[in-house]
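Read the structure below first, then the notes.
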Amino acid sequence: MSISPNNTNKLTFFYSKSLYRNLLTGSFIVIFIIQFSSLTAQDQRKPTGLILDQAETYTAIPKAPEVDGSKYKIPSAKNLKTYCPEPGNQGNTGACVAWALDHAALTICRAIRDRVTDRCAITEEVYSAAYLFNHTKEGSDCQVGSRFSKAFDFLKNKGVCLARDFNPPQDDCTYLPDAPYDDAHISRIRDYARIFDEGDSKEEKIKRLKMAIGTDNPVIIGMDISLSFYALKTSLWQPNPKEKTDSHHAMVVIGYDDDLQQVEIMNSYGLNWGNQGFFTLSYEDFARLVRYGFQIVVDDKALISADNSIWSLFDWFTWGSANPEKLGQGEIYFDYGISVDSFQSTTLLFDSLNHVFQTSQDWSLGDFFQLRFNTHQHYVYVFSYDPEENATRWEYTYDDSLKLDKSIIRIPEDGNSYEITSQGDNYLCLLYSKNKLSFTENNYLEKIEQYKGNIYQRILATFDIKEETLETVSYFSNLRFTYNKETSEADIIPVIIKFSSEN
């Protein structure tokens, strides 16, 4: 509705001057109180920036396997604060994911690896949150934020530089270097894993958190926060369970204490927030508010426990070990493309339910791919399986592969590649064997075709593999596995890759 100044219907009213002044004064006071309260609430609010991934995106990330706790000493309290840089301030940007990953977690992991405990020295060498955020933010608004999935993939495939090498103006999320940094100025993570599921119980979340931090791995979290969080001036945040959460925030857990039933967390709101940038949270509130939990692997070097008395639970994840002679491992590299002359790497996820690796992208007829692998003191045999035709074929059976330990073997050889030529599911199966297989005494492929069940079940039956012997084998993304040589009874370790084509 609009009111025209030429409207002939006039509203006549009268008032006294004193009444008018009182009304104006009262209205002003009411308006001032309302506006002041609004400004106070706005003043308390600080930027966050975590954009939640789809549930299936999170659960598709490989989960760090649970290791038998009886073999490892997990302390009742552990804190990595001595390896932390000075907490930074994300300013007026939604860059919490980048600050949690780069400034905090990646910097802490490097300090642990290099045994640096001088906070000033660690802070001088922090990784650039701005570099990661400016590359992975969604949209042009600097306050919108970013997703864990995109940030992790960027750190793994592209990498990040030190903050001192990338110094854009404060709160400028558009600045990027004129040219990419070379490898001498870039650090990448080797891999990452989720440590618990969003719907896990408090006991499960805390147990998995302790496994990570207890073995010197900071935990990156995605957490729901409420209004009382923004203006925290004390060490302990005690949110009211009835208080509505209004944002998602990324931070890093650096400690826990069973006696206090608390975790300690590093934030990105600067030194004037909380307890000089840190705060504590009860186990109960942690389990209720935290959605995501991750840990990263910085490189191939072993992450040895600080007291050097135990082998880290997650040494398997670094593809190195404090005790290399006790670690068995295998690595496979997968390259694909739309032509024989142009290949690129892709991610393969391990499906623990069906015991197969599966490519993350959809396949089309005519796509090409190759495999490269190391033997690592195994004999390696490769065969393909077409379930629709129930047909098998040897692809690689070189018995002297053991002599080529740590060298790269490529299949197919001689610049050839595999091509997707039929619709439906197809499998490529690699067998890592401690012993040389006798082809003259066993018709392995014929047995594969004769047995019933899925390809995993057929392999177990054909090669007489007891499934319980594979319980000590840990499979991870990107076609890797490890096992403890001292406890593993597995003579043959199968690696099964599934390809599905729809057109």
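The values are calculated or read from the model by the stated rules, or taken from the named source; none is laboratory data. Computed from a predicted structure; not experimentally measured. Virtual Cβ from ideal backbone geometry, glycine too; neighbours counted across all protein chains shown. Heavy atoms of the whole protein, side chains included, go into the accessibility calculation; ligands, DNA and RNA do not. Shrake-Rupley method; radii C 1.70, N 1.55, O 1.52, S 1.80 Å.
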**OP:** Determine whether Tyr427 is more than 22 Å from Pro387 (Cα to Cα), assigned to a strand (DSSP E or B) and either touching a residue at least 60 places away in the same chain (Cβ under 8 Å) or not aliphatic (A, V, I, L, M) (or both).
**Re:** no
**OP:** Sort out which residues of the stretch 414-441 are closer than 14 Å to Tyr381 by Cα and of a type outside the set (Phe, Trp, Tyr), and write them in order of number.
**Re:** Leu428, Cys429, Leu430, Leu431, Ser433, Lys434, Asn435, Lys436, Leu437, Ser438
Original post:
When you scan the stretch 213-259, how many residues do you find that are in contact (Cβ under 8 Å) with a residue 60 or more places away in the chain, open to solvent by 20 Å² or more (accessible area, probe 1.4 Å) and assigned to a loop (DSSP other than H, G, I, E, B)?
Top reply: 3
Subject >> Members of the stretch 279-288 found to be open to solvent by less than 10 Å² (accessible area, probe 1.4 Å) and either without any contact (Cβ under 8 Å) to a residue 60 or more places away in the chain or under 22 Å from Glu56 (Cβ atoms) (or both), listed by number >> reply: Phe279, Leu281
**OP:** Would you please list the contacts, defined by Cβ atoms under 6 Å and residues six or more apart or on different chains, that run from a residue in the stretch 157-182 that is within 9 Å of Asn134 (Cβ to Cβ) and open to solvent by 30 Å² or more (accessible area, probe 1.4 Å) to a residue that is modelled with pLDDT of 85 or more and part of a loop (DSSP other than H, G, I, E, B)?
**Re:** Tyr175/Pro168
Subject >> Candidates Arg188, Arg194 - the one that is touching a strand residue (DSSP E or B) at 6+ places or on another chain (Cβ under 7 Å), closer than 28 Å to Asn79 by Cα and open to solvent by 10 Å² or more (accessible area, probe 1.4 Å) >> reply: Arg194
Original post:
Just checking, which of Asp141, Asp153 is at pLDDT 85 or above, open to solvent by 30 Å² or more (accessible area, probe 1.4 Å) and over 24 Å from the mean Cα position of the chain (by Cα)?
Top reply: Asp141
Original post:
How many of the residues making up the stretch 87-109 are in contact (Cβ under 8 Å) with a residue 60 or more places away in the chain, open to solvent by less than 40 Å² (accessible area, probe 1.4 Å) and out of contact with any Ser or Thr (no Cβ under 8 Å at 6 or more places or on another chain)?
Top reply: 6
**OP:** Kindly indicate the residue of the stretch 116-138 that is under 21 Å from Ile51 (Cα atoms) and small (Gly, Ala, Ser) and also most open to solvent (accessible area, probe 1.4 Å) among those meeting that condition.
**Re:** Ala130
**OP:** Considering only the stretch 455-475, state which residues are part of a loop (DSSP other than H, G, I, E, B) and over 23 Å from Phe373 (Cβ atoms).
**Re:** Asp464, Lys466
**OP:** Evaluate the following for Asp414: is it in a loop (DSSP other than H, G, I, E, B), modelled with pLDDT of 85 or more and either under 28 Å from Trp363 (Cα atoms) or open to solvent by 90 Å² or more (accessible area, probe 1.4 Å) (or both)?
**Re:** no
Original post:
Going by the conditions given, is Ala490 of a type in the set (Gly, Ala, Ser) and part of a helix (DSSP H, G or I)?
Top reply: no
